[in-house]
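The values are calculated or read from the model by the stated rules, or taken from the named source; none is laboratory data. What you see is a predicted model, and the numbers here were worked out from it, not measured in a lab. With ideal geometry, Cβ positions are generated from the backbone for all residues, glycine too; neighbour counts draw on all protein chains shown.
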Amino acid sequence: MTAPLVEHHVLEYPGGYTRSIGPALSRYLGGLRDGKIVGVRLTDGRVMVPPTEYDPITAATIDDYVEVGPAGTVTAWTWVSDPRPGKHHLDHPFAFALVRPDGADTAMVHVVDAPQDAISVGMRVRPRWKAERVGYVTDLEAWVPLADGAAADPAPANRGEGANDEPVTGITTPIRLEYDINAGTAAGKYLLGLAEGKILGARAEDSDQVYVPPRGSDPTTGSPTTIEVEVADTGTVTTFCIVNVPGLSEAAPEIPYVCAQILLDGGNTPWFGLIQGLPADDVRMGLRVHAIWADELKADASNIKWFEPTGEPDAPYDDYKAYA
Amino acid sequence: MSPLRDVAVIGFAQETAVEDRDRNEVEFVIPVVREAIERSGMQRRDIGFTISGSCDYLAGGPFTFVMGLDGVGAWPPVKESHVEMDGAWALYEAWVAIQTGDVDSAVIYGFGKASLGDLHEVWTLQTDPYTVATLWPSMVDMAALQADSYLTASGRTDRDLAEVAARSLRRAQGNPHAVASADVTVDELLARPVTHRPLRDSDVAPITDGAAAIVIAADDVARKHCERPAWIRGIEHRVDPQHLGLRDLATAPSAALAAEKAGVNDGAIDVAEIHAQFSHEELILRDALGIADGVDVNPSGGALTSNPMMAAGMVRIGEVANRIIDGRAGRGVAHAAQGPCLQQNLVCVLEGAR
């Protein structure tokens with residue numbers, strides 16, 4: 001058995017995901033920028049932080065914003081010994097904690113920056129503010145220990161460019177996840193076949209339908225496609241499209257170009273390919289074509305560059321009408 | 001909710017693996033759907049409804065659930081649906097579809113390959129995207145905050161957590177689908193390092209790839225195909241607010257309410273399968289569901305020993321159903337959870353006798 005085909009895959013919005021934040025979070029994040037912690041009074045009188053514009057219990061509209069803190073109390077915590085670069089904003093071990101600011105009735109998820117042995121449930125903490133604040137959750141950089149009975153100092157003046165009276169209306173949040181995607185047994189065999197210049201399909205024992213590429217099962221019945229079938233690299237155009245819009249990728253052909261569904265000889269699922277070697281206007285249903293392979297074969301879809309006419313007479317419509 | 005029509009589980013299958021680099025998601029779905037249908041005694045073409053539960057974030061692509069349909073046999077075109085939830089919630093939708101009289105049977109499947117990405121980081125993205133996800137607490141960090149809240153409120157200690165973990169690992173030795181199992185003592189676990197205070201690695205469910213499938217059927221259809229169907233006596237799901245600090249994390253109010261509405265305490269319970277991905281969750285959920293001492297809890301080893309993402313909740317239903325179908329249990333409770341810190345909970349009461 002050959003090694004499984006695994007591809008590294010990054011899911012990321014370049015520049016971050018832009019979110020509008022609404023009136024309540026505008027108060028909250030604007031408050032953090034200004035060195036204040038803002039909560040909201042719920043219908044039952046409790047003060048919740050961070051605030052929402054609706055009561056999470058009753059769904060009533062609420063807008064009685066209340067400044068809380070700045071000191072607070074840790075109600076639960078856990079230790080992060082290996083901060084993740086690009087994710088966590090602190091570069092050294094810290095605690096995630098639930099912190100209840102004074103004057104609030106609920107706790108907020110945030111971080112405590114202190115030695116592990118200094119943290120406990122019930123400990124008093126105060127905010128450590130960033131010097132330059134922009135209206136983001138990490139403007140309150142971390143909660144840090146506060147001596148019992150001591151009062152928290154007010155936030156230092158904001159030295160950032162965001163220091164103004166304009167409301168905060170949105171945030172940009174970087175999101176990045178990484179994956180190692182594997183092709184799967186059936187698709188893996190198919191891709192490794194391409195690397196040898198072969199197009200491998202498969203069919204189930206209870207059917208004569210050959211699926212290319214194979215997915216491991218006959219999608220009509222769910223039966224496993226256990227029988228491997230090599231199909232030809234020649235076939236018939238069942239339908240096509242003349243593209244007059246330039247492609248975004250550098251690999252996109254010059255317009256106009258033709259993409260087509262091609263029923264490979266020996267297969268039962270039309271497959272997508274480009275048609276070249278004749279003027280776009282001359283491409284037609286029933287055209288017989290053969291694959292033009294890349295000079296260097298790899299286990300991926302780049303192996304077949306495009307299809308060109310074989311010069312054979314067109315296939316009669318009856319031969320491919322079930323696929324058109 | 002109490003049923004208008006009697007509906008029963010009549011077939012169940014599951015498949016699990018650790019970091020499977022050969023099979024893709026569809027290749028997990030194919031065998032379990034076939035096996036569940038085979039066990040049900042029904043023919044694929046006679047099953048009225050097809051529904052799945054999965055999560056695109058696990059594969060890192062949009063609409064990845066659609067390819068799961070390749071594995072279930074969808075021709076002639078089937079009546080089909082999908083939930084971006086554990087398959088237990090897909091089963092709930094199927095149960096509702098049968099209640100309406102629209103269909104008499106359904107095949108439900110849940111699948112996920114948790115090992116493709118960083119699972120604990122993936123689940124960060126289901127939190128508030130403004131004030132919580134921006135700090136990147138992992139799924140385990142948030143669970144640890146709940147564990148700390150629970151231990152503080154209950155006065156229990158990490159020994160109580162280790163007792164849950166040790167029992168789960170020992171019970172898993174009898175479960176061929178468990179990916180973690182060990183003949184281990186509480187003291188041996190307590191000697192291991194605390195990795196996510198107050199949790200140890202043994203308190204955290206293993207990363208598991210897998211799939212599960214269940215066939216349910218109504219009334220006479222179930223009776224015709226199954227000698228002793230596992231009748232769904234009540235099924236309910238509820239949700240708590242997402243604001244983690246607003247909830248009392250030492251409790252699971254939505255689980256308690258779902259249990260009450262599903263009728264957990266309307267009769268004695270022989271077996272309970274609880275979807276606890278962390279040791280403390282089992283303790284919180286035992287309280288919330290009202291599981292009495294002496295009930296056999298998680299005889300399979302539970303999610304702490306096998307946690308196929310998006311299927312582990314429906315596996316709880318299948319594990320209880322299997323014990324009823326084969327006569328080992330008379331009445332049982334299955335529970336499924338989703339969301340950070342047990343935010344969403346589904347409870348299903350199953351019974352053998354009419």
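Before moving on, here are some points about what is shown:
- Residue in segment B:158-170 that is touching an Asp or Glu at 6+ places or on another chain (Cβ under 7 Å), closer than 30 Å to B:Ala217 by Cβ and away from every other protein chain (no Cβ under 14 Å) present: no
- Counting the residues of segment A:156-184 that are without any contact (Cβ under 8 Å) to a residue 40 or more places away in the chain and within 17 Å of A:Leu5 (Cβ to Cβ) gives 1.
- If the condition is being of a type in the set (A, V, I, L, M, F, W, C) and touching a Phe, Trp or Tyr at 6+ places or on another chain (Cβ under 9 Å), then segment A:264-298 contributes A:Leu264, A:Leu274, A:Ile275, A:Ala280, A:Val283, A:Met285, A:Leu287, A:Val289, A:Ala291, A:Ile292.
- Considering residues of segment A:178-201 that are aliphatic (A, V, I, L, M) and away from chain B (no Cβ under 14 Å) only, the residue farthest from A:Asp295 (Cα to Cα): A:Leu200
- Of the candidates B:Ser149, B:Ser138, the single residue that is crowded, with 19+ Cβ neighbours inside 10 Å, at negative phi, touching a strand residue (DSSP E or B) at 6+ places or on another chain (Cβ under 6 Å) and within 9 Å of chain A (Cβ to nearest Cβ) is B:Ser149.
- Members of segment A:28-43 that are out of contact with any Phe, Trp or Tyr (no Cβ under 6 Å at 6 or more places or on another chain), within 12 Å of another protein chain (Cβ to nearest Cβ) and in a strand (DSSP E or B): A:Ile37, A:Gly39
- Scanning segment A:185-205 for residues that are part of a loop (DSSP other than H, G, I, E, B) and farther than 20 Å from A:Asn268 by Cβ gives A:Glu196, A:Gly197.
- Lone unmet requirement of (1) of a type outside the set (Asp, Glu); (2) farther than 24 Å from B:Pro206 by Cβ; (3) more than 14 Å from chain A (Cβ to nearest Cβ); (4) surrounded by 24 or more Cβ atoms within 10 Å (Cβ to Cβ) for B:Leu244: (3)
- Yes/no for A:Asp206 being surrounded by fewer than 19 Cβ atoms within 10 Å (Cβ to Cβ) and closer than 15 Å to A:Tyr323 by Cβ: no
- The listed residue being farther than 24 Å from B:Gln344 by Cα and crowded, with 22+ Cβ neighbours inside 10 Å, out of B:Val72, B:Val78, B:Val66: B:Val72
- Residue within segment B:29-38 that is surrounded by fewer than 24 Cβ atoms within 10 Å (Cβ to Cβ), acidic (Asp, Glu) and farther than 30 Å from B:Trp231 by Cβ present: no
- Identity of the residue in segment A:146-171, touching a Lys or Arg at 6+ places or on another chain (Cβ under 8 Å), loosely packed, with under 14 Cβ neighbours inside 10 Å and of a type outside the set (Gly, Ala, Ser), that ends up nearest to B:Leu135 (Cα to Cα): A:Asp153
- Among the residues of segment A:117-147, those that are β-branched (Val, Ile, Thr), within 13 Å of chain B (Cβ to nearest Cβ) and not in a helix (DSSP H, G or I) comprise A:Ile119, A:Val121, A:Val134.
- Counted residues, segment A:3-27 - those being outside any strand (DSSP E or B) and touching a Gly at 6+ places or on another chain (Cβ under 8 Å): 3
- Candidate set from segment A:190-203 (those that are under 21 Å from B:Gly68 (Cα atoms) and surrounded by 20 or more Cβ atoms within 10 Å (Cβ to Cβ)); member that is nearest to the chain's Cα centre (by Cα): A:Tyr190
- Of the residues making up segment B:11-31, those that are closer than 16 Å to B:Asn175 by Cβ and under 17 Å from the mean Cα position of the chain (by Cα) are B:Phe12, B:Ala13, B:Gln14, B:Glu15, B:Thr16, B:Ala17.
- Matching option when the condition is of a type in the set (A, V, I, L, M), touching a residue at least 60 places away in the same chain (Cβ under 8 Å) and crowded, with 24+ Cβ neighbours inside 10 Å, among B:Ala17, B:Ala88: B:Ala88
- None of A:Thr106, A:Thr18, A:Thr61 is surrounded by 13 or more Cβ atoms within 10 Å (Cβ to Cβ) and of a type in the set (Ser, Thr, Tyr) except A:Thr106.
- Strands (runs of 3 or more DSSP E) (entirely within segment A:216-266) containing at least 2 residues that are free of Cβ contacts under 8 Å to residues at least 60 places away in the same chain and within 14 Å of chain B (Cβ to nearest Cβ): none
- Counting only strands (runs of 3 or more DSSP E) that sit wholly inside segment B:144-250, those with at least 2 residues that are touching a residue at least 60 places away in the same chain (Cβ under 8 Å) and under 27 Å from B:Asp128 (Cβ atoms) are B:230-239.
- Residue, farthest from the other protein chains (Cβ to nearest Cβ), within segment A:52-111, restricted to residues that are part of a strand (DSSP E or B), touching a Gly at 6+ places or on another chain (Cβ under 6 Å) and under 24 Å from B:Ala153 (Cβ atoms): A:Val68
- Verdict on A:Ala204 being within 14 Å of chain B (Cβ to nearest Cβ) and out of contact with any helix residue (DSSP H, G or I) (no Cβ under 8 Å at 6 or more places or on another chain): yes
- Among (1) under 26 Å from B:Ser154 (Cβ atoms); (2) surrounded by 20 or more Cβ atoms within 10 Å (Cβ to Cβ); (3) in contact with a Pro (Cβ under 7 Å, 6 or more places away or on another chain), the one test that A:Pro127 misses: (1)
- Flag if A:Asp300 is out of contact with any Ser or Thr (no Cβ under 8 Å at 6 or more places or on another chain), acidic (Asp, Glu) and surrounded by 12 or more Cβ atoms within 10 Å (Cβ to Cβ): yes
- Which numbered condition A:Ala157 fails, given (1) under 30 Å from A:Pro23 (Cβ atoms); (2) modelled with pLDDT under 95; (3) within 14 Å of chain B (Cβ to nearest Cβ): (3)
- Test: B:Ala217 is more than 30 Å from A:Trp77 (Cα to Cα), within 14 Å of another protein chain (Cβ to nearest Cβ) and buried (at least 21 other Cβ atoms within 10 Å of the Cβ): no
- Scanning segment B:251-275 for residues that are in contact (Cβ under 8 Å) with a residue 24 or more places away in the chain and within 14 Å of chain A (Cβ to nearest Cβ) returns B:Thr251, B:Pro253, B:Ser254.
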